[in-house]
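Here the structure comes first, spelled out in structure tokens, and everything after it is commentary.
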Amino acid sequence: MRRPVRIKDIAAAVGVSEAAVSGVLNRSRSGTRVSDQTRQRIIDTARAMNYVPHAGARALAGSGSRTLGVLMPKVPLEGSRLSFGFELVQGVMDAAEESGRHVILFSGQLLEPEADLTPLAERRCDGLIVLGLTADSPLADWLAERSIPAVVVGHQGAGPSVQSLMLDNRAGIEAILRHLQERGHRKIVMPGAETRYLDGRERTTAFLDLGRELGLDVEVLAGAADFESTQENICRWFARVPSADRATAFVCFNDAAALGAACALRQAGLRIPQDAAVTGFDDIPPASFADPPLTTVVYPFHEMGRLAGEMLSELIQDRPVPEFARPIPRLCVRRST
């Protein structure tokens with residue numbers, strides 16, 4: 001792993017003292033003693049070398065920003081990820097307020113494969129909380145190459161100074177499958193999954209592995225896990241599968257997908273839960289107002305955000321935190337099963 005760029009590296013490249021570089025980059029008085037031309041050369045060289053000030057060093061020098069950065073992906077105006085983002089960020093803000101810090105929200109564009117990560121370096125946050133990190137995002141390597149305190153929610157491992165925070169997806173899926181098994185279901189389908197995210201891959205793998213361990217007949221349908229895609233996916237599946245071979249329960253990747261599944265079942269003339277059961281994952285607000293109300297796994301959005309904020313505050317102060325935290329969700333049983 002490449003070590004982070006240091007002030008002495010920039011000083012050697014520009015041909016000036018470390019004090020001059022430190023003064024320019026930290027905007028201290030010593031930085032005013034260099035010419036405008038030299039100052040610009042220092043700034044340009046630091047940017048070209050992908051230099052990022054170490055948050056802990058700035059804090060020791062009394063110049064910490066007292067700011068936490070939060071990156072969250074673009075979210076649709078419906079579905080579980082909208083609730084995921086807003087509630088989780090509110091939890092981060094509550095934790096930040098308790099530690100005397102502020103929160104800056106960065107654009108989801110910084111998580112895209114071709115993203116320019118310069119704004120992250122320029123804002124100089126004391127640490128970062130990242131939501132929705134994917135394997136193809138340049139941010140994973142960017143974090144790995146720099147000693148920036150960070151907590152990644154929903155993704156495992158991105159560097160030595162980065163801690164992971166993920167819900168125990170396997171435990172949530174197991175609770176659903178055991179509940180459905182107790183209700184007499186044997187043929188169970190997951191109508192689509194979001195495998196771009198680690199959460200999605202974990203839920204899908206757990207569904208297949210645990211289903212077989214429990215002696216159930218389980219199947220995952222290819223396709224996305226939003227409302228419309230799930231609705232269409234189930235309708236296509238009904239068209240090609242004989243009635244006798246159809247599932248009696250649908251375990252959906254999230255609540256938005258579960259609401260789409262319920263719509264497809266009603267269009268097919270099936271009753272919920274008498275003819276087919278439906279479960280979700282996340283417990284977004286519409287889940288409890290659905291007809292019938294949705295059985296789902298409760299994702300503690302606010303608590304996860306607060307925990308991420310608390311973990312990051314500890315990292316910034318060089319205090320020990322769990323390398324990989326996995327809160328266990330709970331099953332909320334309603335009338336859809």
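Every number in this text was worked out from the coordinates using simple rules, so none of it is lab data. Note that the structure is predicted; figures quoted are calculated from it, not measured. All Cβ positions, glycine included, derive from the backbone under ideal geometry; neighbour counts span all protein chains shown.
Quick notes
- Karplus-derived HN-Hα couplings along region 165-181 (A = 6.51, B = -1.76, C = 1.60, θ = phi - 60°), whole Hz, x at Gly and Pro: 9, 9, 5, 7, 5, 4, 5, x, 5, 4, 4, 5, 5, 5, 4, 5, 5
- Here's the picture: charge each Lys and Arg Cβ at +1 and each Asp and Glu Cβ at -1 in region 169-298, and of Ala206, Leu294, Trp237 the one pushed furthest to the positive end of that dipole is Trp237.
- For region 34-46, 3J(HN,Hα) per residue [Karplus equation, 6.51 cos²θ - 1.76 cosθ + 1.60, θ = phi - 60°, Hz, x = Gly/Pro]: 9, 5, 4, 5, 5, 4, 5, 4, 4, 5, 5, 5, 4
- Spin-label model, Arg246/Arg183: points 7 Å from Cα along the beta carbon direction are separated by 1.6 nm.
- If only the Cβ of Lys and Arg carry +1 and only the Cβ of Asp and Glu carry -1, the dipole of region 169-298 around its Cα centre is close to 380 debye.
- Counting every other Cβ atom within 10 Å of each residue's Cβ, Cys235, Cys125 order from fewest to most as Cys235, Cys125.
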